[in-house]
1. Would you indicate which of [x] 15.5, 51; [y] 14.0, 43; [z] 19.9, 65 is the value of Rg and Dmax of the Cα atoms in Å derived from the coordinates of this structure?
2. Quick one: compute the contact order of the chain, relative version, from alpha carbon pairs under 8 angstrom and 6+ residues apart, as a percent.
3. For the chain, with a Gaussian network of springs between Cα atoms less than 10 Å apart, report the residue from 24, 78, 35 with the top mean-square fluctuation.
4. Please calculate how many Å² of accessible area the chain carries per residue, with a 1.4 Å probe and no DNA, RNA or ligand atoms counted.
5. Would you please give the residues with an amide H less than 5 Å from that of residue 17, counting only those at least 5 places away or on a separate chain, with H modeled from the backbone geometry?
6. Compute the long axis of helix 55-72 from its Cα atoms, compare it with the longest principal axis of the Cα atoms of the chain, and write down the angle in degrees, 0 to 90, nearest 10.
7. For the chain, set up a GNM with springs between Cα atoms under 10 Å and report which of 14, 77, 23 has the largest fluctuation.
8. Please report the carbon-and-sulfur percent of the accessible area for the chain; probe 1.4 Å, protein heavy atoms only, DNA, RNA and ligands left out.
Amino acid sequence: KAVVSTQSTGKARGGQVYCLPLGGMCVRMPFAIGGSGSTYIYGHCDNTYKEGMTEEQCLKFVADAVALAMHRDGSSGGMIRLAVLTKDGCRRLNIPGNQLPTFWSK
């Protein structure tokens with residue numbers, strides 16, 4: 001499994017993401033990664049994350065990262081579930097297994 005959280009702009013300080021590593025320290029980050037597949041995607045996320053991405057760019061960033069993690073991690077798989085959180089609520093998106101982003105077959 002891989003979990004990637006990103007933030008977007010909003011009023012005042014905008015969206016905020018905090019990472020809580022095993023040591024227990026709370027650190028504000030532009031994005032956070034977790035889950036068994038996360039170790040496979042740190043380099044990808046560090047390289048492709050850009051400050052100020054649009055919602056569409058954020059969704060692509062997250063879907064690509066999770067698809068890459070799923071490809072390498074035997075405990076991940078099936079489909080990608082995304083949630084977009086805004087002041088108006090939560091919008092859920094699903095990417096079925098046959099529509100996952102691929103990189104290795106290009």
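The values are calculated or read from the model by the stated rules, or taken from the named source; none is laboratory data. The model shown is predicted, which means the values in this text are computed figures rather than measured ones. Positions of Cβ are backbone-derived with ideal geometry, glycine not excepted, and every protein chain shown enters the neighbour counts. Protein only, heavy atoms only, side chains kept; ligands, DNA and RNA dropped before computing areas. Shrake-Rupley method; radii C 1.70, N 1.55, O 1.52, S 1.80 Å.
1. Step by step, Rg and Dmax of the Cα atoms in Å for this structure corresponds to label [y].
2. Values: 151 pairs, mean separation 26.3, N = 106.
Value for the chain: 25 percent.
3. Comparing 24, 78, 35 in the GNM, the peak value goes to 24.
4. Values: 7280 Å² over 106 residues.
On a per-residue basis, the chain sits at 69 Å².
5. Residues meeting the amide H criterion: 29.
6. Long axis of 55-72 versus the principal axis of the chain: about 40 degrees.
7. Ranking 14, 77, 23 by mean-square fluctuation puts 23 first.
8. Working: 3890 of 7280 Å².
Heavy-atom surface of the chain belonging to carbon and sulfur, 1.4 Å probe: 53 percent.
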